[in-house]
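As structure tokens, the structure follows; a few thoughts come after it.
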Amino acid sequence: MLFLTLRTLNISAQELPNWKPELKKVFKFSTFYGAVNGGTSLSDVDIYSVTNGLETQTIITPFDYSVTFGIRKIARMGYEPKEAFKTGMETSFSDAATIGKVKGFEFLFEVDYKRQQGENYIDQNHFLRYVSDKYILKGEYLEDGFADIKYFETSQRYRWKKDKKLSFNLGAVQRLSEPYGYDPLAEWQLSNNNLHYTFLALEEGYNVEFDGQGGAEYFDPSGNSVATSTEVWEVVIIPTVLANYTEGKRNELKQTIQHSLVVGFDYYYYTKTYWLHSWGNLMPYHYDDGNEFSYHKYNNGQWYDYSGGLIFGYKYNKHLGVFVEGKYNKYWNREWHDFSLGINYVIF
């Protein structure tokens, strides 16, 4: 979609020459990047069994890799080093800040296809942001495969600047996402909180054949034998049935929109020997539209969603320095975070 949009803009600019200066202004200083990274994953693991004599099974985890594509126009903070090339492996905590270094229009579109420890997933982070002295407009799409969180968010905020370093903001946020909090297994729970998992599996197309001597064989919806004992059925097959069922039921539901109030702050101070960049956002109130899958019902009322970040660095002298960097998010009781801290000592 990004490439098609850029192509369309390019055609339009050719047809209307007076658009060219505006397009050039929008994409000036932006960087398009693509990179492939890889490395060794977990080493092979030997699993031994003595059920039918000594048997050995080797579990092989394929190598890790990531394929990254992106385009960005975000002013570099004073504490950020200038990179010769972007590899897609950089961790720019400041990208999550509400306000950038400069006023005006900034954007980021980045997609990462990853395999880590044998698990494949996609990470996406896209946003458009416009910052002025009086207001902030932002649209963002975030997908974090490891944290299992995905949503689209827009926000409109009034901004009040106390001084050049500190500002506060207040406004509204709209978030479009799956109905987090919904538990597909709740309808299968018995009065004693146990789960009627075998009946659920039968409803999903599995079948059980008893041999009349206390034994049983279990078959999947395709008629393949998947277990010849209750132990294997409960320990190996049922967890897969439950995982597939919950994922399928979640995917069947339409996405819901959540309207929330947001308050936040942003602080930025930088010198060559000391810098502090911090930001925070709190959503203390969420409108309840009475939707059947509203998070209000799963949470029994209001809740707090929040996010924030901190980037701190201090150089005691030309030899010794310390740093702390990190960000934290909590939406719908789902958490994801990153951090880094350490000490540097230059020896000469």
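The values are calculated or read from the model by the stated rules, or taken from the named source; none is laboratory data. This structure is a prediction, so every number in the text was calculated from the model and none was measured. Note: ideal-geometry Cβ built from the backbone for every residue, glycine included; neighbour counts use all protein chains shown. Heads up: the accessible areas ignore ligands, DNA and RNA and are worked out on the full protein's heavy atoms, side chains in. Shrake-Rupley method; radii C 1.70, N 1.55, O 1.52, S 1.80 Å.
Tabulated data
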{"item": "Span-like helix ranges in the chain, DSSP H, alpha carbon extent 15 angstrom or more, Kyte mean at least -1.0", "result": "2-15, 238-252"}
{"item": "Cα-based reach from K150 at 16 Å (exclusive), listing aspartates and glutamates while leaving out same-chain residues under 8 positions away", "result": "E110, D112, D123, E140, E178, E247, E252, D305, E335"}
{"item": "Cα-based shape type of the stretch 255-304, given that a ≥ b ≥ c are square roots of the gyration tensor eigenvalues and the cut on a/c is 1.5", "result": "prolate"}
{"item": "Debye equation applied to the C-alpha atoms of the stretch 184-309, log10 I(q)/I(0) at 0.11, 0.18, 0.20, 0.21 Å⁻¹", "result": "-0.66, -1.02, -1.14, -1.20"}
{"item": "Share of pairwise Cα separations in the stretch 149-220, more than 15 Å, in percent", "result": "76"}
{"item": "The stretch 230-282: C-alpha gyration tensor shape, a/c 1.5 cut-off, then a/b vs b/c", "result": "oblate"}
{"item": "Longest exposed-site-free window of the chain, the sites being GluC sites (Glu not before Pro) in a DSSP loop that have at most 14 other C-beta atoms within 10 Å", "result": "91-203"}
{"item": "Between the stretch 175-205 and the stretch 74-99, the Cα center-to-center distance that results, in Å", "result": "43"}
{"item": "Largest-first ellipsoid semi-axes for the stretch 55-106, taking √(5λ) over the Cα gyration tensor eigenvalues, angstrom", "result": "38, 12, 11"}
{"item": "Identified option (computed Cα extents along the principal axes in Å; candidates [x] 96, 57, 47; [y] 82, 67, 48; [z] 81, 60, 50)", "result": "[z]"}
{"item": "Stokes-Einstein D in µm²/s, Kirkwood radius over Cα pairs - the stretch 100-231 at 4 °C with 1.567 mPa s viscosity", "result": "64"}
{"item": "Translational diffusion coefficient (Stokes-Einstein; Kirkwood radius from C-alpha pairs) of the stretch 23-89 at 25 °C, 0.890 mPa s, in µm²/s", "result": "149"}
{"item": "Spherically averaged projected area of the stretch 72-146 from its Cα convex hull (nm²)", "result": "5.7"}
{"item": "Relative contact order for the stretch 42-144, counting Cα pairs under 8 Å that sit 6 or more residues apart, in percent", "result": "24"}
{"item": "The chain, accessible surface, carbon-and-sulfur percent (1.4 angstrom probe)", "result": "56"}
{"item": "Kirkwood-based shape ratio for the stretch 271-348, expressed as Rg/Rh from alpha carbons", "result": "1.26"}
{"item": "Longest site-free stretch - the chain; sites: trypsin sites (Lys or Arg not before Pro), DSSP loop, at most 13 other Cβ within 10 Å", "result": "166-253"}
{"item": "Listed residue pairs exceeding 32 Å between alpha carbons, taken from K24/K164; K73/K249; K161/K318", "result": "K73/K249; K161/K318"}
{"item": "Accessible area, probe 1.4 Å, largest first, for residues I71, I122", "result": "I122, I71"}
{"item": "Percent RCO, i.e. relative contact order, over the chain, from Cα pairs under 8 Å lying at least 6 residues apart", "result": "11"}
{"item": "Loop chymotrypsin sites (Phe, Trp or Tyr not before Pro), the stretch 138-211 (other Cβ atoms within 10 Å of the site Cβ: 11 or fewer; DSSP)", "result": "F146"}
{"item": "Gaussian network model of the chain, springs between alpha carbon atoms under 10 Å - residue of S41, S222, S155 with greatest fluctuation", "result": "S222"}
{"item": "Histogram of C-alpha separations across the stretch 113-172, 5 Å bin width, %", "result": "4, 15, 19, 15, 13, 11, 9, 7, 5, 1"}
